[in-house]
Amino acid sequence: MSPTDLVEPGWEPVADQLHASIAAGDDLGGTVAVYHDGRCTVNVAAGHVDRERSQPYTHDHLQLVFSTTKGVTAVAVAMCVQRGLLDYAEPVARYWPEFAVAGKQDATVAQLLSHQCGLITVDGITLDECLQWDTVTAKLAAQAPDWPIGTGHGYHALSYGWLAGELVRRVDGRPFGQFVSEEIASPLGLDLWIGLPTDEEHRVAPLIGAVMDTTSVDPAVKAMLDAFMGPGTRAGRALTMSGAFSQEGVFNRREVHAASIPAANAITRAGDLARMYAATMGEVDGVRLVDEDTITVASSRVTPPNEGDLCLVMPTAFGMGFMTHERFSPYAGPGSYGHPGAGGSVAFAQPSRRLAMAYVMNQMAPNLAADVRAQRLIDTACRIIDG
């Protein structure tokens, strides 16, 4: 272990599991962190930044965490609700008047945060337009839903962030990334950005591999994947903003890191994400982000049990922006709330165990959630707590 690692007595199996994953070739480099009862018990960095294994992965490295970002955004919205700036039951249009077009005038904040509004993309939008906040939010506000609002839910893989983030901007007045920096990161001392400053870019560990690399997949399996997630499907459109983010390596690009994409481009470390989630359950060094009443509402499932996702097909479970416990997002079991990220990352809290945990990595696996490497780490932490 690195001398900068933190592993409290009894928690060594979590660190051992990360090292075993790297030794087996399942992982290349990354970090895992655990907070228990508001105290950090594990914060370990291991592996390498590059395929050649010439540069160690350290605690100084930052990682883009894809949809694990959505949990940060859900916390920001919950903070605005707690302050009386937003109400989950109110229409979105109360705060964002331009949203009240194309049949969306009655859509509630709760429906928007739980992926029920059918605004999964803007067909024809370009990458440059997606990187311009005012442009992409205006296009989404003008968009007609892909399905009647309230009749089902479907994963807003990228659009969720601009929709939720614009609500925060409308009621708080600050750009979304600035809100996260000043209201979440700064009070807790986190290295966490949605919109990475230029002088932090050198710390970013590049992502290696692709989420859905089908180059070596059996042709029959590839055909099935294309049927569910190809460019013309809802999943394909949602996951790439109708192709705007389909270029290879796009999330390793500086202009994408610099933009504000509150569904997919938080750049941070596992220790920072775990600390944030711990501060949604109680005080961490005197800081609590969200009170118990607010987080209870925010983390409660809104979408019906066993309802198939209109984009991802399989059942998914959403609260007020958080992905809640379900087969697709198992975490530590019932009561967990957080969000996984494409390729493997995850961060969540489970109040019953007083557990907050995060795992981030540079080696992408072919999944959107329920990463095997992450689940082994989570299961190990749960066994330690349960005795």
Set the Förster distance to 22 Å, then compute FRET efficiency between Asp386 and Asp37 from the Cβ-Cβ distance, nearest 0.05. 0.95
Exposure proxy order (Cβ contacts within 10 Å, fewest to most) of Met323, Met281, Met314, Met361: Met314, Met281, Met323, Met361
Charge dipole of the chain built from unit charges on the beta carbon (Lys, Arg +1; Asp, Glu -1), centred at mean Cα; most positive-end Cα among Ala332, Ser345, Ile267 is Ala332
Given axes a ≥ b ≥ c from the Cα gyration tensor, I'd like to know whether region 124-187 is rounded (a/c under 1.5), prolate (a/b larger than b/c) or oblate. prolate
Other residues with Cβ under 14 Å from the Cβ of Leu62 give, with Lys and Arg +1 and Asp and Glu -1, a net charge of -3
Classify region 307-364 from the C-alpha gyration tensor, please: rounded if a/c falls under 1.5, else prolate or oblate depending on whether a/b exceeds b/c. oblate
Compare the peptides 201-209, 331-339 by average per-residue count of other Cβ atoms within 10 angstrom and give them in order, highest first. 331-339, 201-209
Can you tell me the order of 178-188, 372-382 when each peptide is scored by its average per-residue count of other Cβ atoms within 10 angstrom, highest first? 372-382, 178-188
When the chain is fully extended, how far beyond the present Cα-Cα distance does Asn252 get from Ala142, taking 0.36 nm per residue of separation? 36.6 nm
Set the Förster distance to 22 Å, then compute FRET efficiency between Ala100 and Arg174 from the Cβ-Cβ distance, nearest 0.05. 0.40
Size-normalised alpha-carbon gyration radius of region 29-145, reference 2.2 N^0.38 Å: 1.46
Calculated from DSSP helices alone, with each H run of at least 4 adding -39500 (n - 2.57) and the total divided by the residues of the chain, [θ]222 nm to the nearest 500 comes to -9000 deg cm²/dmol
Longest to shortest principal axis, alpha-carbon extents of region 1-87, angstrom: 49, 32, 21
What percentage of all Cα-Cα pairs in the chain are separated by more than 34 Å? 21
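None of the figures in this text is laboratory data; all of them are computed from the coordinates on show. Note that the structure is predicted; figures quoted are calculated from it, not measured. Positions of Cβ are backbone-derived with ideal geometry, glycine not excepted, and every protein chain shown enters the neighbour counts.
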